[in-house]
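The values are calculated or read from the model by the stated rules, or taken from the named source; none is laboratory data. This structure is a prediction, so every number in the text was calculated from the model and none was measured. Here the Cβ is made from the backbone with ideal geometry for all residues, glycine too, and neighbour counts use every protein chain on show. Quick note on the areas: whole protein, heavy atoms, side chains included, nothing else; ligands and nucleic acids left out. Shrake-Rupley method; radii C 1.70, N 1.55, O 1.52, S 1.80 Å.
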Amino acid sequence: MSTLPRRDATSHGRFNLEQQRKRAKELLKAARADEPAALARMLQHIPPRETPLKLADAQFVIARECGFPSWAKLKSHIESIDASRRRLNERGVRDMATLHIRCGSDIEHSLRTAGFEGDFLEFSDPFCIGPLQDLPPEELMRLRAGFLAEVSGMAERDALARLRKSYEALDQLERYERLVLWFEHDSYDQLILAYLLYRLHASPPQARIELVAVESVPGVERFIGIGQLAPDLLAWLWQQRRPVEAPLLELGVRVWQALTADGPEPLRALVATGTPALPMMGRALARHMQESPASDTGLGLTERLSLEIVRDHGPLTVGKAFSYLMREYEPLPYLGDLMFWWLLQPLIAEPEPLLAISDIHREWPHRQLALTERGRDVLEG
């Protein structure tokens, strides 16, 4: 029932105003009837007082539970999403030949559902793991294909063919009048974005370049990526896109050069600047640097968090460990499940594993993890 205490921020960012009004009325009715759960919800956000509760009080509580500071802010946000959807439906994205570029296929269907037109390019080479060098595209593709074949188990020629499709598309942009880059704030996205900016700086297209850069969405308690959002939210984000100009293109060049440098100092120096052209880039790079082995444990941050999860909740399956990582432990979620499995390999490797793994006859998400004594010792430094 609506009177049960809960946090009502969504994962998809979409709210229905009439539904929230109904919930506020139900909450007020329950509180006036002295239902304990409803009174507890009220007292979480409104201090005790002698005056009777009003509808405005219940609306304020609903807004706070949805992640907004006030009912007016919640109402304004919902109305802005509705207005963005109407504008898109009225005008569409037909004014220019458009290519939407994203580091995955997760929003391709949602873009169509929301009414967007244009072509879609998935560029999803996960630069956040594996070797990087400042090489011409063909040589970089071959370096990356060898690594990705090792991680995924696919044939190297298949990995190369998949990469070639996206890399070569960057040399075939002449027919587009607008390029739109859709990226969020984590290191998986931001490292790919840096490479795209580097490439676009090296070979400037005739097209206008625009960026949708997202690190939070009102009402979404734990924003992980654009792919989790309802299609309506893509129309709302569209209204907030920004032109990609020289400072941002130059930042992409500096980031790519730092990522492919021989040592960590260029990247550390770049992070120290705060990357003012795109501050979320600097935060993602800082998180990326935390994958380097720590001086006390020899673990990267993902490795340490994985051991902590198994210590706190294990024994548990690999899939459940990944779920805990994404929902609760990781400060800036960026991994896919297959990348997580690859990062676990050094922890379960013989002869002195930090994690014991069982049920190895099952698919890897269903294999059981447990912390070894050596793993516990390493966690303690």
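For the reader, a short list of remarks on this structure follows.
- Over segment 32-179: Kirkwood hydrodynamic radius from C-alpha pairwise inverse distances, Å: 20.4
- Positive-end residue of Y324, A349, L371, charge dipole of segment 324-381 with Cβ unit charges: Y324
- About the Cα centre, charge dipole magnitude for segment 151-256 (Lys/Arg +1, Asp/Glu -1 at Cβ), debye: 220
- Annotation: amide H of L211 within the under-5 Å range of L181, R242, V244, sequence separation 5 or more or interchain, hydrogens built in the peptide plane.
- One decimal place: the segment L338-R222 gains 39.6 nm when fully extended, by the rule 0.36 nm per residue minus the C-alpha distance.
- Efficiency of FRET from Cβ geometry, Q345 and T297, R₀ 25 Å, rounded to 0.05: 0.90
- Phi to ³J(HN,Hα) by Karplus 6.51 cos²θ - 1.76 cosθ + 1.60 over segment 236-241, Hz, x for Gly, Pro: 5, 5, 4, 5, 9, 5
- Quarter the surface of the alpha carbon convex hull of segment 94-189 and you get the mean projected area, 7.0 square nanometres.
- Sum of -39500 (n - 2.57) over DSSP H runs of 4+, divided by residues of the chain (222 nm, nearest 500): -15500 deg cm²/dmol
- Mean projection area, nm², convex hull over Cα of segment 112-266: 10.5
- Residues of segment 191-211 with amide N under 11 Å of the 7 Å Cα→Cβ point at E138: none
- Tail beyond 19 Å, pair distance distribution of segment 151-212 (Cα, percent): 42
- Segment 295-381: equivalent-ellipsoid semi-axes (sqrt of 5 x gyration tensor eigenvalues, Cα, Å): 17, 16, 11
- Packing-based order for 38-48, 182-192, using average beta carbon neighbours within 10 Å, highest first: 182-192, 38-48
- Residue order by solvent-accessible surface for T317, T113 is T113, T317, largest first, with ligands and nucleic acids left out and a 1.4 Å probe.
- Cα-based shape type of segment 210-257, given that a ≥ b ≥ c are square roots of the gyration tensor eigenvalues and the cut on a/c is 1.5: prolate
- Förster radius 51 Å - calculated FRET efficiency between K29 and D359 (Cβ-Cβ, nearest 0.05): 0.50
- The value of relative contact order for the chain, using C-alpha pairs under 8 Å at least six residues apart, is 15 percent.
- Rounded D (µm²/s) - the chain, Kirkwood Rh over Cα pairs, Stokes-Einstein at 4 °C, 1.567 mPa s: 55
- Extent along the principal axes, Cα only, for segment 118-164: 34, 25, 19 Å, with the longest axis given first.
- Volume per residue for segment 222-381 equals 143 cubic angstrom (convex hull of Cα atoms).
- Here, P(r) means the percent of Cα pairs in each 10 Å bin from 0 to the largest distance; for segment 253-331 it is 17, 38, 28, 16, 1.
- What you get for segment 164-217, charging only the Cβ of Lys and Arg (+1) and of Asp and Glu (-1), is a dipole of about 260 debye around the Cα centre.
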